[in-house]
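**Q** Please find one structure pasted underneath; my questions will follow.
The values are calculated or read from the model by the stated rules, or taken from the named source; none is laboratory data. Bear in mind the structure is a predicted one, so any value in this text is a computation, not a measurement. We place every Cβ from the backbone using ideal geometry, glycine too, and count neighbours over all the protein chains shown.
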Amino acid sequence: MTRVVIVGGGGTGDACAFALRKRGFDGEIVILSADHDRPYDRPYLSKEFLRGEVDVPKVFLHEEDAYANERIELRLEQRVTGGSLDERTLTLASGDRVPFDVLVLGLGGTPRRLPALPDAANVRTLRSLRDSTELREALKKAKQVLLVGAGFIGAEVAASARQLGKEVLLLEAAPVPLHRALGQDVGEIYAGIHRSHGVDIRTGTTVAEWHTAKGGVAAVSLSDGKREEVDLVLIAVGIDPNVELPDTLGLQLEGGGVTVDGSLRAAPDVYIGGDIAFHHHPVLERSIRVEHWEVAKGQGRGIAACIVDGPTPYRKLPYFWSDQYDVNLEYRGNASGDDMAVWRGDPEGLKFTVFYVRNGVVEGVLSMNDSKTNELGGKLIESRRRVSRAELADADLAELVPAQ
Ligand SMILES: Cc1cc2nc3c(=O)[nH]c(=O)nc-3n(C[C@H](O)[C@H](O)[C@H](O)COP(=O)(O)OP(=O)(O)OC[C@H]3O[C@@H](n4cnc5c(N)ncnc54)[C@H](O)[C@@H]3O)c2cc1C
């Protein structure tokens, strides 16, 4: 009987296990997860769960007995530290060895910390359900929250903390929030949104010095020369993809992750998904690594399809969303800063779409409160047809999308 071992009980791993059963896979499925909790919906952790609007058990992806019912052996608090692809075994931190026929890795990432950061109880990072539970408790007592880094996690926690009535100072070294993911112009719109909700955003600013008292950070001196009192700090400066294990197993590292082919395969019978997959995307015709939830889940399902039916290219476009206050952002595809941006809609009214175009072909589409256009934009990306700036700005998009 074939034995699939999935390392990582996150977006990729959980989706892969259940999709295997849905596709009729009858062999053994084992999930080895370093986490203390059964798989949960990670995006809730900076939003509804953090604000206390969604709680355990709703945050879990499945009922507790679903794993046994589907004959998925879920082994929590099991860290895989090494192994051998030739011998088809993994080694756990406990020293135990686990054999496999097919290996799936969905290991996610570890939040980065900053150099010279004091090891203090009120300085936190956010990745796991435990992190979010502790942050939620700390927020209840906090008044002045400092968020270092205005990427998605920092920006979403800023919105949640404001919704909970906290004073929020959001620091970002780049010129605007979300600069790396969304660029200057959309970042400026986000700066305006946060400021209008009372967030004190300082861009182009970093922490110059941490001041501690009674075992915690009590204040910071900033690169702009100001000193600010704080009672809770969240460091949200991105993740380091967890590639130590794939490296130990001898898999090829590239683009911050692990090289996989169009079918998400890193080696015969070894598949990789989610934040650590540097995937050669068959539609976009280049390798990309994406740190987003739907991509991890989609790739988990794509891997299940490959295990059951044999390697098949994974063609789904990258997709992500972010909710901050009542503003919904959706993004399909994968653009780069050099692509031409074509705007459509009403940026001032916060209902618009931006198409990112390279050589006349749409590579990415970003929408704020404009879901329908985003969906059509995704179809346009998939079609690879050439379109003009005027068509994107004004034409009926449904007419530009070829019939399926
Ligand atoms: C707070 C927060 C909010 C987010 N919100 C959004 C959002 O709104 N929209 C969006 O698109 N994306 C969002 N994301 C990103 C999204 O959650 C990730 O991209 C996604 O979870 C990645 O899935 P994954 O399977 O690669 O890794 P993960 O879901 O992180 O799972 C990795 C798993 O691997 C385990 N693991 C790691 N190393 C080992 C090992 N050696 N042995 C055993 N187990 C191991 C971990 O314990 C974990 O269970 C958010 C992320 C966070 C942290």
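**Q** Any idea which of (1) under 24 Å from the mean Cα position of the chain (by Cα); (2) part of a strand (DSSP E or B); (3) surrounded by fewer than 16 Cβ atoms within 10 Å (Cβ to Cβ) is the one residue 31 doesn't satisfy?
**A** (3)
**Q** When segment 159-184 is examined, which residues are found to be touching a residue at least 24 places away in the same chain (Cβ under 8 Å) and among the polar types (S, T, N, Q)?
**A** 160, 163
**Q** Among (1) surrounded by 14 or more Cβ atoms within 10 Å (Cβ to Cβ); (2) under 30 Å from residue 160 (Cβ atoms); (3) out of contact with any helix residue (DSSP H, G or I) (no Cβ under 9 Å at 6 or more places or on another chain), there is one condition residue 89 misses while meeting the rest; what is its number?
**A** Here residue 89 clears every test but (2).
**Q** Right, next: Let me spell it out: the conditions are (1) in contact with a Lys or Arg (Cβ under 7 Å, 6 or more places away or on another chain); (2) away from the ligand (no atom under 15 Å from the Cβ); (3) closer than 25 Å to residue 278 by Cα, and residue 99 meets all of them except one. Which number is the exception?
**A** Failed condition: (3).
**Q** Something else now. Being crowded, with 24+ Cβ neighbours inside 10 Å and part of a helix (DSSP H, G or I) is the filter here, so list the residues in segment 1-25 that pass it. Spell out how you get there, then give the answer.
**A** Restricting attention to segment 1-25, the residues satisfying the condition of being crowded, with 24+ Cβ neighbours inside 10 Å are 4-17, 20.
Selection gives 11, 12, 13, 14, 15, 16, 17, 20.
**Q** If I go through segment 217-237 residue by residue, how many of them are over 19 Å from residue 161 (Cα atoms), modelled with pLDDT of 95 or more and not hydrophobic (A, V, I, L, M, F, W, C)?
**A** 5
**Q** Please enumerate the residues belonging to segment 34-55 that are surrounded by fewer than 15 Cβ atoms within 10 Å (Cβ to Cβ) and touching a residue at least 12 places away in the same chain (Cβ under 8 Å).
**A** Within segment 34-55, 36, 52 meet the criteria.
**Q** Checking the structure you have, find out if any residue of segment 38-56 is more than 10 Å from the ligand (Cβ to nearest atom) and in contact with a strand residue (DSSP E or B) (Cβ under 6 Å, 6 or more places away or on another chain).
**A** Among the residues of segment 38-56, not one is more than 10 Å from the ligand (Cβ to nearest atom) and in contact with a strand residue (DSSP E or B) (Cβ under 6 Å, 6 or more places away or on another chain), which makes the answer no.
**Q** Name the residues in segment 61-89 that are assigned to a strand (DSSP E or B), closer than 19 Å to residue 245 by Cβ and in contact with a strand residue (DSSP E or B) (Cβ under 7 Å, 6 or more places away or on another chain), would you?
**A** Initially, segment 61-89 is screened for residues assigned to a strand (DSSP E or B), giving 72-75, 80-84, 89.
If we keep only those that are closer than 19 Å to residue 245 by Cβ too, we end up with 74-75, 80-84, 89.
Of everything in segment 61-89, those that are assigned to a strand (DSSP E or B), closer than 19 Å to residue 245 by Cβ and in contact with a strand residue (DSSP E or B) (Cβ under 7 Å, 6 or more places away or on another chain) turn out to be 74, 75, 80, 81, 82, 83, 89.
**Q** Within segment 358-379, restricting attention to residues that are more than 24 Å from the chain's Cα centre (by Cα) and not in a loop (DSSP other than H, G, I, E, B), which residue is nearest to residue 186 (Cα to Cα)?
**A** Only one residue fits best here, namely 358.
**Q** Listed residues 331, 319; which is touching a strand residue (DSSP E or B) at 6+ places or on another chain (Cβ under 7 Å) and either surrounded by 22 or more Cβ atoms within 10 Å (Cβ to Cβ) or on the phi > 0 side of the Ramachandran plot (or both)?
**A** When all the criteria are applied, what remains is 331.
**Q** Here is a list of conditions, (1) out of contact with any Leu (no Cβ under 6 Å at 6 or more places or on another chain); (2) buried (at least 18 other Cβ atoms within 10 Å of the Cβ), and residue 70 meets all of them except one; can you say which number that is?
**A** (2)
**Q** Where the second residue is within 16 Å of the ligand (Cβ to nearest atom) and not in a strand (DSSP E or B) and the first is farther than 21 Å from residue 93 by Cα and among the aliphatic types (A, V, I, L, M) and lies in segment 1-27, which pairs have Cβ atoms under 6 Å and are six or more apart or on separate chains?
**A** Pairs found: 15/297; 15/300; 15/301; 19/301; 19/304; 20/304.
**Q** It is to be established whether one or more residues within segment 18-26 are away from the ligand (no atom under 16 Å from the Cβ) and of a type in the set (Gly, Ala, Ser).
**A** Looking through segment 18-26, at least one residue is away from the ligand (no atom under 16 Å from the Cβ) and of a type in the set (Gly, Ala, Ser).
Residue-by-condition table, conditions (1) closer than 22 Å to residue 238 by Cα; (2) within 18 Å of the chain's Cα centre (by Cα); (3) touching a residue at least 40 places away in the same chain (Cβ under 8 Å):
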| residue | (1), (2), (3) |
| --- | --- |
| 58 | no, no, no |
| 80 | no, no, yes |
| 103 | no, no, yes |
| 122 | yes, no, yes |
| 127 | yes, yes, yes |
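Conditions (1) within 16 Å of the ligand (Cβ to nearest atom); (2) crowded, with 19+ Cβ neighbours inside 10 Å; (3) of a type in the set (S, T, N, Q), marked per residue:
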residue	(1), (2), (3)
218	no, no, no
229	no, no, no
242	yes, yes, yes
251	yes, yes, no
256	yes, no, no
261	no, no, no
278	yes, yes, no
282	no, no, no
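**Q** A further question on this structure: Which of the strands (runs of 3 or more DSSP E) contained wholly in segment 263-321 include at least 3 residues that are free of Cβ contacts under 8 Å to residues at least 40 places away in the same chain?
**A** 277-281
**Q** Take the residues in segment 290-340 that are of a type in the set (Gly, Ala, Ser), modelled with pLDDT of 95 or more and within 10 Å of the ligand (Cβ to nearest atom); name whichever of them is farthest from residue 384 (Cα to Cα).
**A** It comes out as 300.
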